[in-house]
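What follows is a short report on a single structure.
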Amino acid sequence: MLLSLAQSALPIGISGIDKRFGAVSILSDLSLDVAAGEFLTLLGPSGSGKTTLLMILAGFVRANAGSIKVGGEEIITMPPHKRNIGMVFQNYALFPHMNVFHNIAFPLKQRRVSTAETAERVERALDLVQLKGLGERRVDQLSGGQRQRVALARAIVFEPRIVLMDEPLSALDKSLREHMQIELRNLHRRLGMTTVYVTHDQREAITMSDRVAVMNAGRIEQIDQPEALYARPRTKFVAGFIGESNFIPVESRNGSVWYEDSKLRMTSAAPTAGRHLMVVRPEKLRLIAGEPIGDVNALPATVGEIIYQGDSFLCYATLKDGRQLTLRDYCRPDVLAKLPRPGEPITLGIDAQDVVLVADQ
Amino acid sequence: MSVASASLDHAGRPDAALNTDALRADARREARGLLALLSPGLVLVFAVIIVPIGWLFWLSLFDESGELSAANYARFFEQASYIKTFVTTFKVAFTVTGACVLLGYPLAYMLSQLPRRAVSICLIFVILPFWTSVLVRTYAWLVILQRKGLVNTWLMDLGVIGQPLPLANNFASVVIGMTHIMLPFLVLPLYASMRTIDVDCLRAGMNLGASPAATFRQIFFPLSLPGLASGVVIVFVLCLGFFVTPALMGGGKVIMWAMRMEQTTSLYSNWGAGAALGVVLLAVTLALLGLFHRLLGARATGVWSER
């Protein structure tokens, strides 16, 4: 084992970060606190500023304003080589003229660690990322997954206070990527380093993180635990970016919420008066035969196409106002037996507790 | 089943034998076609490279009276002036290559760090002299460096020196003139290879605790070596056979290999001796290229321990 990083993990306090390239604003007044030992993911589409924020944290990009404190110490003007922050690059950025051993030993060499200790720590790091015995390999002799592991070993071998990862798995194929997600998460649990992870893959973010910060157009839209983010998105962007969503326009008036002429049953309080959107996940929509029972909102609709997807099926349905909704359910025999045919009128049900409203923008 | 029937032919043989003869014939046909397409190029290479070099070699084997002899090669060991020319040629080539590296490496490094648009402007200034005649540039240097040239006139007018400095017609002037002409040959391949160095590798170096200077020394410089090696080889080999600039700037005092060849053939009409000089230069150049390849090629592409 490497020395446990848990005691040395430090919190990061990011506040008021502004970054412009010429007239274009990349980040505006961005603030974010990362707890010591936390695995926090910056999730967003390309151009949302997530990579720029990571570059500012690492010191490769200079912000126009703001503060970054690591364990209370201001590092915003500190040069990158003094920050003591490990980073895994998207393309790994392994040094092609050095073998695996020298790549991993590089940060130790810069810190004047003795030869014997270097050998020992590189060995432990290789062991940790399951590359024992590959120290003498050339970088170009490694597979994508192995390069990924070398990059990881190199980023943690000097026991940095913080580890940054910039879409480290995006170059791997799907099955290896999913495997590495679990491995990275387990490694984080063992070592406990404060980790800031950047990805545009919402599933990856949900799988790995303690908390996810959803970024859009240089701002953080919502920062929450994965479950809360999925179940209770606070903006239309978050609802649309994480998982699939149906949006149904509703109106709040006189303390209740209305879809056309019917009052919505919901467990949360009605929002401020005006137009809103109801967010409904496809798997929260149900097909209802006969009268709805219990605390359920019923929407009359017409069945469109039904698409078989193996474990589940998708059912497109059209509401009376012409809006198309997507419903997803598992292919259980009882459900399949009662499946309507295209063109048939049906009733869609949404449980009152599943009603989530976001502002209509 | 269709799958089963597809893997057996009419006679019921396993599919390993299916159409093998036809496929083999098809492969032969393709090879013949490719050879036919290649033949104009092969003929050209034969006519303009193999034949002239063979002829040169053949000529070098005859002495002045037309007798087959090794006299042309024996001269290399017997005449001190040949050996002196040989040594001068290498001295000039080494010095010019060294000067090109000292001037060209910082220049290429600067170009590699500039934004693309600035680079295209700066590259024009590197390439522009490249398009100007070697003769014109050499005379320009003569105008600058000669006894009553720009430099001497200015320095004397300023009262810095009383007598004109011997700037032209010597070893130094040959090196100055040739360095000017050779510089783009070093800068262009070096710049191209520096551009391919991943900026993330340099970022990674700094991220892992190396200061900017250490990152340059331990990452950028080693990664630029292949480009430097190819630039050095081009410059060095071109220097070995260079004629115009040493002939004009040397003032007859710096005799290089190519000038000796010119004297032998045009002054003494000894084609055999001239050809022998050409053969030796070619052989030495090839040997050097092989040596460079073994030293730098392996080093640039392989892994080497830093300790």
Legend entry - Matching residues in the stretch A:315-341 - criterion: being in a strand (DSSP E or B) and either β-branched (Val, Ile, Thr) or surrounded by fewer than 16 Cβ atoms within 10 Å (Cβ to Cβ) (or both): A:Thr318, A:Gln324, A:Thr326, A:Tyr330
Inset, instruction - Check off (1) surrounded by fewer than 22 Cβ atoms within 10 Å (Cβ to Cβ); (2) within 14 Å of chain A (Cβ to nearest Cβ) for B:Gly205 and give me the number that stays unchecked. - result: (1)
Legend entry - Hey, A:Ile68 at pLDDT below 95, surrounded by 20 or more Cβ atoms within 10 Å (Cβ to Cβ) and of a type in the set (Val, Ile, Thr) or not: no
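Can you pull out every residue in the stretch B:62-80 that is of a type outside the set (A, V, I, L, M, F, W, C) and in contact (Cβ under 8 Å) with a residue 24 or more places away in the chain? Lay out the reasoning, then the answer.
Let us first name the residues in the stretch B:62-80 that are of a type outside the set (A, V, I, L, M, F, W, C), namely B:63-67, B:69, B:72-73, B:75, B:78-79.
The answer is B:Asp63, B:Glu64, B:Asn72, B:Tyr73, B:Arg75.
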Legend entry - Failed criterion for B:Ala210 (all others in (1) more than 14 Å from chain A (Cβ to nearest Cβ); (2) among the small types (Gly, Ala, Ser); (3) crowded, with 16+ Cβ neighbours inside 10 Å hold): (1)
Legend entry - Candidates A:Asp201, A:Asp166, A:Asp173 - the one that is modelled with pLDDT under 90 and either on the phi > 0 side of the Ramachandran plot or among the charged types (D, E, K, R) (or both): A:Asp173
Inset, instruction - Filter the stretch A:30-63 down to the residues that are surrounded by fewer than 20 Cβ atoms within 10 Å (Cβ to Cβ) and more than 21 Å from the chain's Cα centre (by Cα), then identify the one that is farthest from A:Leu169 (Cα to Cα). - result: A:Arg62
Inset, instruction - Among the helices (runs of 4 or more DSSP H) lying completely within the stretch A:156-259, list those that include at least 2 residues that are within 18 Å of A:Pro45 (Cβ to Cβ) and in contact with a helix residue (DSSP H, G or I) (Cβ under 8 Å, 6 or more places away or on another chain). - result: A:202-208, A:226-231, A:236-241
Inset, instruction - Report yes if some residue within the stretch A:287-304 is surrounded by fewer than 19 Cβ atoms within 10 Å (Cβ to Cβ), in contact (Cβ under 8 Å) with a residue 40 or more places away in the chain and under 29 Å from the mean Cα position of the chain (by Cα); otherwise report no. - result: no
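Just to be sure before I move on: is B:Thr85 closer than 22 Å to B:Ala229 by Cβ and touching a residue at least 40 places away in the same chain (Cβ under 8 Å) in the structure I sent? First the steps, then the outcome.
Details: closer than 22 Å to B:Ala229 by Cβ: no; touching a residue at least 40 places away in the same chain (Cβ under 8 Å): yes.
No: the conditions fail for B:Thr85.
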Inset, instruction - Could you tell me whether B:Ser112 is hydroxyl-bearing (Ser, Thr, Tyr) and exposed (fewer than 15 other Cβ atoms within 10 Å of the Cβ)? - result: no
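Conditions tested, residue by residue: (1) over 20 Å from B:Ile219 (Cβ atoms); (2) exposed (fewer than 15 other Cβ atoms within 10 Å of the Cβ).
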{"position": "A:Arg83", "(1), (2)": "no, no"}
{"position": "A:Arg121", "(1), (2)": "yes, no"}
{"position": "A:Leu134", "(1), (2)": "yes, no"}
{"position": "A:Arg137", "(1), (2)": "no, no"}
{"position": "A:Gly145", "(1), (2)": "yes, no"}
{"position": "A:Asp166", "(1), (2)": "no, no"}
{"position": "A:Ser170", "(1), (2)": "yes, yes"}
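Here are some residues: A:Val257, A:Val250, A:Val212, A:Val198. Which one is touching a Phe, Trp or Tyr at 6+ places or on another chain (Cβ under 9 Å) and of a type in the set (Val, Ile, Thr)? Before you say what the answer is, go through the steps one by one.
Values: A:Val257 fails: touching a Phe, Trp or Tyr at 6+ places or on another chain (Cβ under 9 Å); A:Val212 fails: touching a Phe, Trp or Tyr at 6+ places or on another chain (Cβ under 9 Å); A:Val198 fails: touching a Phe, Trp or Tyr at 6+ places or on another chain (Cβ under 9 Å).
A:Val250 is the lone residue from the list that is touching a Phe, Trp or Tyr at 6+ places or on another chain (Cβ under 9 Å) and of a type in the set (Val, Ile, Thr).
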Inset, instruction - Give the stretch B:42-73 a look and list any residue that's buried (at least 16 other Cβ atoms within 10 Å of the Cβ) and polar (S, T, N, Q), or say none. - result: B:Ser60, B:Asn72
Legend entry - Top-ranked residue in the stretch B:217-265 [being within 30 Å of A:Asn99 (Cβ to Cβ) and of a type in the set (Ser, Thr, Tyr); ranked as nearest to the other protein chains (Cβ to nearest Cβ)]: B:Ser224
Inset, instruction - State whether one or more residues within the stretch A:60-77 are at the interface with chain B (Cβ under 9 Å from one of its Cβ atoms), in contact with a Lys or Arg (Cβ under 7 Å, 6 or more places away or on another chain) and either touching a residue at least 40 places away in the same chain (Cβ under 8 Å) or under 22 Å from A:Gln148 (Cα atoms) (or both). - result: yes
Inset, instruction - Using the structure shown, decide if A:Asn103 is within 14 Å of chain B (Cβ to nearest Cβ), within 20 Å of A:Arg149 (Cα to Cα) and modelled with pLDDT under 95. - result: no
Inset, instruction - Tell me which of these A:Arg112 doesn't satisfy, since it passes every other one: (1) out of contact with any helix residue (DSSP H, G or I) (no Cβ under 8 Å at 6 or more places or on another chain); (2) crowded, with 24+ Cβ neighbours inside 10 Å. - result: (2)
Inset, instruction - Scan the stretch A:86-97 for residues that are more than 7 Å from chain B (Cβ to nearest Cβ) and either part of a strand (DSSP E or B) or among the hydrophobic types (A, V, I, L, M, F, W, C) (or both) and report the count. - result: 3
Legend entry - Residues within the stretch A:109-125 that are at the interface with chain B (Cβ under 9 Å from one of its Cβ atoms) and part of a helix (DSSP H, G or I), tallied: 3
Legend entry - Selection status of A:Thr194, among the polar types (S, T, N, Q), surrounded by 18 or more Cβ atoms within 10 Å (Cβ to Cβ), touching a residue at least 40 places away in the same chain (Cβ under 8 Å) and within 24 Å of A:Asp18 (Cβ to Cβ): yes
Legend entry - Enumeration of residues in the stretch B:271-285 that are surrounded by fewer than 17 Cβ atoms within 10 Å (Cβ to Cβ) and under 18 Å from B:Trp55 (Cα atoms): B:Trp271, B:Leu282, B:Ala283
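Hey, can you tell me all the residues within the stretch B:229-246 that are over 14 Å from the mean Cα position of the chain (by Cα) and surrounded by fewer than 19 Cβ atoms within 10 Å (Cβ to Cβ)?
Narrowing the stretch B:229-246 to residues over 14 Å from the mean Cα position of the chain (by Cα): B:243-246.
Matches in the stretch B:229-246: B:Phe243, B:Val244.
The values are calculated or read from the model by the stated rules, or taken from the named source; none is laboratory data. These numbers come from a predicted model, not from an experiment. Cβ sites come from the backbone with ideal geometry, for glycine too, and all protein chains shown count toward neighbours.
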